[in-house]
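Engineer: Please read through the structure below; I'll follow up with questions.
The values are calculated or read from the model by the stated rules, or taken from the named source; none is laboratory data. Small disclaimer: the values here were computed from a predicted structure and weren't measured. Glycine also receives a Cβ, built like all others from the backbone with ideal geometry; neighbour counts cover every protein chain displayed. All accessible areas refer to the heavy atoms of the entire protein, side chains included, with ligands and DNA or RNA removed. Shrake-Rupley method; radii C 1.70, N 1.55, O 1.52, S 1.80 Å.
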Amino acid sequence: MGMILLKNIQVDGIERDVLIEGNRILRVADCGLDTSKDAEVMDCTGKVAMPGFVNMHTHAGMALMRGIGEDIGFHEWLDRIWQVEKNLDQDYVYHATKVACLEMIKTGTTCFNDQYWFAPMACRAASDLGLRAYLSAIICDRGDQDLAKKQKSECIQMFEMSKSWPSTVKFVVSVHAIYSVSEPMILWASEFVRANGLCLHIHLSETEKEVEDCKSEHGGMSPVEYLDSLGVLGPEVIAAHTLWLSDNDVEILGRRGVTCVHNVNSNLKLASGYKFRYSELRDAGANVCIGTDGCGSSNNLDMLEAMKTSAMIQKAWRGDSSAMPIDEIIDMVTVNPAKVLGLDCGKLEEGALADIIIVDTDSYHFMSPGRFEANLIYSAHSDCVDSVICDGRILMKNRVVPGEKEILAQAKAHLNKIM
Ligand SMILES: [Zn+2]
């Protein structure tokens, strides 16, 4: 089993030595830790270790779709994306997901919860680069019974196939949204995930139109009330957006222990809205996390940018500078995702999975007596991430990801598929 020794690294404000054995943190000890065994030693003097970020809602396969749907509203944008996606194939998804993984590593993300087509290719890409990934079969039948049948059998097949995926990649079922999936398929997916101990990933209450359409179609019920009436909401549900919520919706999401993923940059740019009800959801008992959404709408996968914007917008629209405090932002990208994904990560402690980012603080962004976390979120950019370790494997060292140029060159050759 490989060992890595991070020497003289700041952990929670104290300089320590951190020893990794296999895929877990073996020791967090005083400096000067002696390892008689062979360990790869990284001198981390002046650097800070923290848990890797978890991007709780993205579409990695859209990494080559930046800028193709600008200055248009959500529904026109979605139609355009669906047109483009008709041309996609497995190779495209493999190369696009590799680009996404590259960007995530460079910006400090060690795990992502994805919703995209051709998940087995995304599995190959994520394992090639070493990232932890939750990949899904997508249910999006749009009322077409033949398509529903096909997607159901693909989902079952993929679930069986996922049993031989690497331990860092897990299977999830995605129900695209209530407006694009028929009720029998929503119910089937919910039963399937519960029977097999999986998570259910869905876009929920993303736009005002989604809420209004749902109300007129389902006797005045909001999307949250509608799903709850079907018995679908529970702690295994990861709901992206949850932006347009009534008090009753918030209460339901809290009571059911749903994970609500805020994707501020996507919501802002598609003009879907910005009044994410963070404190209400938190206080009601929902598990609140942060995602970037796909590059087709947010244009990048930068979690630090998402964290900063989430906090800034929250403070602004509420007129309350204490809204979304620093420690809670960090929790939303570390311990909160770990809870719903059942992952032993999110904290740098002995026994935890070795999903660690190493931040270089030797720059003007960090030159202050202020808290490291404050400077990280509000002052620095993600190029402060110097090295990344996931599952005990070094994915980036001193900002170098092996094979970076080749990944970009190969992806370029597949760009024409989306034109
Ligand atoms: Zn999305």
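Conditions (1) away from the ligand (no atom under 16 Å from the Cβ); (2) at pLDDT 95 or above; (3) open to solvent by less than 10 Å² (accessible area, probe 1.4 Å), marked per residue:
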residue	(1), (2), (3)
48	yes, yes, no
55	no, yes, yes
65	no, no, yes
69	no, no, yes
74	no, no, no
81	no, no, yes
89	yes, no, no
95	yes, yes, no
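Engineer: If you take the residues in segment 398-419 that are assigned to a helix (DSSP H, G or I) and touching a His at 6+ places or on another chain (Cβ under 6 Å), which one is least open to solvent (accessible area, probe 1.4 Å)?
Structural biologist: 411
Engineer: Looking only at residues that are buried (at least 24 other Cβ atoms within 10 Å of the Cβ) and farther than 24 Å from residue 341 by Cα in segment 288-313, which one is farthest from the ligand (Cβ to nearest atom)?
Structural biologist: 296
Engineer: Tally time: how many residues in segment 334-372 are farther than 20 Å from residue 21 by Cβ, among the acidic types (Asp, Glu) and surrounded by 15 or more Cβ atoms within 10 Å (Cβ to Cβ)?
Structural biologist: The total comes to 1.
Engineer: Write out, first by first residue and then by second, each pair whose Cβ atoms fall under 9 Å of each other, whose residues are 6+ apart or on separate chains, and whose first residue, in segment 214-234, is in a loop (DSSP other than H, G, I, E, B) while the second is open to solvent by 40 Å² or more (accessible area, probe 1.4 Å) and of a type outside the set (D, E, K, R).
Structural biologist: Note: pairs meeting the criteria are 218/229; 221/229; 222/244; 222/246; 222/248; 230/187; 231/187; 232/187.
Engineer: Here is a further query. When you scan segment 1-25, how many residues do you find that are surrounded by fewer than 16 Cβ atoms within 10 Å (Cβ to Cβ) and either in contact (Cβ under 8 Å) with a residue 40 or more places away in the chain or aromatic (Phe, Trp, Tyr) (or both)?
Structural biologist: So the answer is 4.
Engineer: When you go through 272, 279 one by one, which is the residue that is under 16 Å from residue 317 (Cβ atoms) and away from the ligand (no atom under 16 Å from the Cβ)?
Structural biologist: None of the others qualify; the one that does is 279.
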